[in-house]
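I have placed the structure first, in the form of structure tokens, so that the comments after it can refer back to it.
The values are calculated or read from the model by the stated rules, or taken from the named source; none is laboratory data. What you see is a predicted model, and the numbers here were worked out from it, not measured in a lab. A quick note on method: Cβ atoms are made from the backbone with ideal geometry, for glycine too, and the neighbour counts reach across all protein chains shown. Ligands, DNA and RNA are excluded from the accessible area calculation, which covers all protein heavy atoms including side chains. Shrake-Rupley method; radii C 1.70, N 1.55, O 1.52, S 1.80 Å.
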Amino acid sequence: MSTLEIKGLHVEIEGKEILKGVDLTINSNEIHAIMGPNGTGKSTLAQAIMGHPRYEVTAGTITLDGEDVLEMEVDERARAGLFLAMQYPSEITGVTNADFLRTAINAKRDEGDEIPLMGFIRELDANMETLEMDEDMATRYLNEGFSGGEKKRNEILQLKMLKPKFAVLDEIDSGLDIDALRIVSKGINDMRGEAFGCLIITHYQRLLDYITPDHVHVMIQGKVVKSGNAELAKELEEKGYDWLHEELGIEPETAEQEA
Amino acid sequence: MTVETKLALTEQDVRSFSKKMDEAAWMSDFRAEALAKVEQIPMPKPDKTRIDRWNFTEFPVHAVESATYESLEDLPAQAHELIDPDNHENLYIQHNNTPAYLSLSEDLKAKGVILTDIFTATREHSDLVKKYYMTDGVKVDEHKLTALNAAFMNGGVFVYVPKNVVVEEPIQVLFFHDNEQASLFNHVIIVAEANSSLSYIENYLSTVEEAKGQANIVSEVFTGDNAEVTYGAVDVLPKGFTTFVSRRGVTGRDSRLNWALGLMNDSNTIAENITHLIGDGSHSDMKTVVVGRGDQRENITTKIISFGQNTNGMILKHGVVKDSATTIFNGIGKIENGATGSNAEQESRMLILSDRARADANPILLIEEDEVTAGHAATVGQVDPLEMFYLMSRGITKKEAERLIIHGFLAPVVSQLKLEGVKKQLTEVIERKVR
Ligand SMILES: Nc1ncnc2c1ncn2[C@@H]1O[C@H](COP(=O)(O)OP(=O)(O)OP(=O)(O)O)[C@@H](O)[C@H]1O
Ligand SMILES: [Mg+2]
């Protein structure tokens, strides 16, 4: 079993503090969901876990099985077992999806122990079939000209090929049509198990109807303000966030004057 | 300060060279007339690069004699790798200045296709060559360097595809250089008559560490009505050369001329690639990739001029500049008065890999007609940190991620080259140059 532990995390972007002390522990075989209003720092948390260059961690720790994640370069984090399905994946021209995936898989393996080409193709084909992706997506350039939904499926394809210990999925449901939502959810559910833990960032209950979370957290103004089980997500769906502000005595952001 | 043009050769010299190469008689006069002009006409003025201190006129010897190849097995390994093991029936090799190997399939011969060295061509296909040699394409008196090419021409090839002939397999031409004394004053003429099609692939390869001479290269391509020509080139000339290379196209009605140029020289280089879209409905697709390194200076001009109606010119240019190299991109889309319904598009992108490198992209649109469409995009920048983050977030190392992005950036030309060996070579040269 593995554990991803986040403690007292403060993160700034361009001098502005976004995360103001986040604590979160995720174990293998657990699915956590984070919800919360727009602009409260959910993506910031995701990017900080992966090591995005523009997000600066000013306090707190992130560890993976006791190892200091913040000390690692982005690629080292990935090879240590972290994965981030991005809210806005990049487009890389001239690099085919298949070449990219093979390079990424081999990056985790030792020299001389590269994945055999045939095995790779078989696995790729199988995963693309499950995700109902067009065959030509393998030979097209990475995300270039992909529709919003196609990009999201492609993130999940990478997840399935790379098999990380922990995945953070940032709004993987946005832009997906109804069928795709079901297909992508199945792709994620298939990974559930002893070797996999997951943090899902979403705005909508409909994704959680397919993937039942073990824990649900609410992030407001850069902090996890409430945690609960799957029922909490349903409550949020029904009532929105205002009642939480009241219940927890959170001032609206505008009242917080910047120096 | 201007370098004095003191020419190494006299009229006597060019005439006797012409005689030695057994050219058609008109060629001797043509050379002599060009030589007379050299002194009088100015150097070209490539935008944003001062070349008045570049030496375009001095070289150790005009032409060297090199070995011919009985079989491809005689080729040195580096050259041999460029030859496709299963697809080399249509192949011409020039060794320094010597026509060294020629093969053309029986089928193409029977259909009237011509592939021959330029000297023989002036003799055996005199009228044809005379019709196209520096007439409607590059002009002798365009500037000093074209006149020099005309006077000193010491190599090149003539390719002719008759009407309605479709050349299925590419025709490959290898200009192989392995003598540091040798200069290349090459002249290539490609004629594709109406309804024909051809894929031509040209390699400039040198095994010399540092050349001592000139590379002054002119190519002229003519597409007949409804013809289609794809011209692929990978230039890998070493430092020491002063390189001037002019590739010019003239299109007939509804024809298509595609260029895919991998400019991988290590020499200082002035390169121009120009298509004149003469025939209505003709189309030119111009793709160029460039890598500049060391203290190399390069000025790359790509230009498409629409004369005919409903013509379409597409320029795509990607360059990587590192070390203290300077690369200038001039992209010109011109639509002449009367070329209604034409379109001129261009995209220039440059990646700078070091603080000392200089890159400059100048897109220019010159539109003299109302009912046309045109557009350009130009960017100069570093490798996108977000792209790097994306790739590295999948476990790919920084170095490998950068490599992938750069190769991807230069892929548009690689993917157009129709011979595996040449594709592989360009990929490897890119690898070597950007490392
Ligand atoms: N470069 C930046 N400079 C200043 N503020 C920034 C910058 N980038 C992001 N922010 C701010 O950081 C805050 C948190 O953004 P983040 O993307 O983490 O929100 P989120 O919770 O993921 O929102 P959403 O639900 O809309 O995706 C936002 O208020 C955003 O405007
Ligand atoms: Mg977000």
Restrict the check to the stretch A:69-81 and report whether at least one residue is surrounded by fewer than 18 Cβ atoms within 10 Å (Cβ to Cβ) and at the interface with chain B (Cβ under 8 Å from one of its Cβ atoms).
yes
Odd one out for B:T327, checked against (1) hydroxyl-bearing (S, T, Y); (2) in contact with a Ser or Thr (Cβ under 7 Å, 6 or more places away or on another chain); (3) under 21 Å from B:A377 (Cβ atoms):
(2)
Return the residue satisfying two criteria in turn: it lies in the stretch A:162-173 and is away from ligand 2 (no atom under 16 Å from the Cβ) and open to solvent by 10 Å² or more (accessible area, probe 1.4 Å), and of such residues it is nearest to the other protein chains (Cβ to nearest Cβ).
A:L162
In the stretch B:275-303, anything open to solvent by less than 10 Å² (accessible area, probe 1.4 Å) and within 16 Å of the chain's Cα centre (by Cα) is listed as B:T275, B:S284, B:M286, B:T288, B:V289, B:V290, B:V291, B:E298, B:N299, B:I300, B:T302
In the stretch B:217-273, which residues are of a type in the set (A, V, I, L, M) and not in a strand (DSSP E or B)?
B:A227, B:L237, B:M264
Among the residues of the stretch A:100-128, what is the count of those that are assigned to a helix (DSSP H, G or I), in contact (Cβ under 8 Å) with a residue 12 or more places away in the chain and within 13 Å of chain B (Cβ to nearest Cβ)?
6
Residues of the stretch A:129-153 being in contact (Cβ under 8 Å) with a residue 40 or more places away in the chain and part of a helix (DSSP H, G or I), in sequence order, are A:T130, A:M137, A:A138, A:K151, A:K152
Assess whether A:L248 counts as being within 16 Å of ligand 1 (Cβ to nearest atom) and either more than 15 Å from the chain's Cα centre (by Cα) or buried (at least 19 other Cβ atoms within 10 Å of the Cβ) (or both).
no
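To keep it simple, each residue is scored yes or no on (1) within 12 Å of ligand 1 (Cβ to nearest atom); (2) of a type in the set (G, A, S); (3) at pLDDT 95 or above.
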site: A:T25; (1), (2), (3): no, no, yes
site: A:S28; (1), (2), (3): no, yes, yes
site: A:M35; (1), (2), (3): yes, no, yes
site: A:E71; (1), (2), (3): no, no, yes
site: A:P89; (1), (2), (3): no, no, yes
From the option list A:S2, A:S43, single residue qualifying as among the polar types (S, T, N, Q), touching a residue at least 40 places away in the same chain (Cβ under 8 Å) and within 13 Å of ligand 2 (Cβ to nearest atom) is A:S43
Is it true that some residue in the stretch B:7-27 is surrounded by 12 or more Cβ atoms within 10 Å (Cβ to Cβ) and under 21 Å from B:T269 (Cα atoms)?
yes
So, in the stretch A:125-147, how many residues would count as being crowded, with 18+ Cβ neighbours inside 10 Å and of a type outside the set (A, V, I, L, M)?
4
Can you tell me which residues in the stretch B:304-333 are among the basic types (K, R) and surrounded by fewer than 23 Cβ atoms within 10 Å (Cβ to Cβ)?
B:K322
For the stretch A:40-63: of the residues being within 9 Å of ligand 1 (Cβ to nearest atom) and more than 15 Å from the chain's Cα centre (by Cα), which is surrounded by the most Cβ atoms within 10 Å (Cβ to Cβ)?
A:T40
Name the residues in the stretch A:88-99 that are open to solvent by less than 50 Å² (accessible area, probe 1.4 Å) and either at the interface with chain B (Cβ under 8 Å from one of its Cβ atoms) or within 22 Å of A:L199 (Cα to Cα) (or both), would you?
A:P89, A:S90, A:I92, A:G94, A:V95
Residues in the stretch B:330-348: is at least one in contact (Cβ under 8 Å) with a residue 60 or more places away in the chain, touching a Lys or Arg at 6+ places or on another chain (Cβ under 9 Å) and small (G, A, S)?
no
Residues of the stretch B:399-424 satisfying the condition of being β-branched (V, I, T) and more than 7 Å from every other protein chain (Cβ to nearest Cβ):
B:I406, B:V413, B:V414, B:V422
Testing A:A85 on (1) more than 8 Å from chain B (Cβ to nearest Cβ); (2) farther than 15 Å from B:T397 by Cβ; (3) open to solvent by 20 Å² or more (accessible area, probe 1.4 Å), one condition comes back false. Which one is that?
(3)
Report yes if B:I396 is within 14 Å of chain A (Cβ to nearest Cβ), of a type outside the set (D, E, K, R), open to solvent by less than 20 Å² (accessible area, probe 1.4 Å) and touching a strand residue (DSSP E or B) at 6+ places or on another chain (Cβ under 7 Å), otherwise no.
no
Qualifying positions in the stretch A:133-151 - within 16 Å of ligand 2 (Cβ to nearest atom) and modelled with pLDDT of 95 or more
A:K151
Any idea which residue in the stretch A:25-39 is farthest from the other protein chains (Cβ to nearest Cβ), counting only those that are open to solvent by 10 Å² or more (accessible area, probe 1.4 Å) and within 16 Å of ligand 2 (Cβ to nearest atom)?
A:P37
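Rundown of residues vs (1) under 24 Å from B:M314 (Cα atoms); (2) of a type in the set (D, E); (3) out of contact with any Gly (no Cβ under 7 Å at 6 or more places or on another chain); (4) open to solvent by 50 Å² or more (accessible area, probe 1.4 Å), yes/no style:
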| residue | (1), (2), (3), (4) |
| --- | --- |
| B:A359 | yes, no, no, no |
| B:E368 | yes, yes, yes, yes |
| B:E420 | no, yes, yes, yes |
| B:E428 | no, yes, yes, yes |
| B:V434 | no, no, yes, no |
Would you mind finding the one in B:P363, B:P412 that is in a helix (DSSP H, G or I), within 24 Å of B:G313 (Cα to Cα) and not aliphatic (A, V, I, L, M)?
B:P412
Go through the stretch B:112-131 residue by residue and tally those that are crowded, with 20+ Cβ neighbours inside 10 Å and in a helix (DSSP H, G or I).
5
Search the stretch A:9-21 for residues being touching a Gly at 6+ places or on another chain (Cβ under 7 Å) and open to solvent by less than 40 Å² (accessible area, probe 1.4 Å), and hand back the single one that is farthest from ligand 2 (Cβ to nearest atom).
A:G21
Over the stretch A:197-222, the set of residues more than 16 Å from ligand 2 (Cβ to nearest atom), open to solvent by 10 Å² or more (accessible area, probe 1.4 Å) and out of contact with any helix residue (DSSP H, G or I) (no Cβ under 6 Å at 6 or more places or on another chain) is A:R206, A:D209, A:D214, A:H215
What about B:K109, is it under 22 Å from B:I274 (Cβ atoms), open to solvent by 50 Å² or more (accessible area, probe 1.4 Å) and free of Cβ contacts under 8 Å to residues at least 24 places away in the same chain?
no
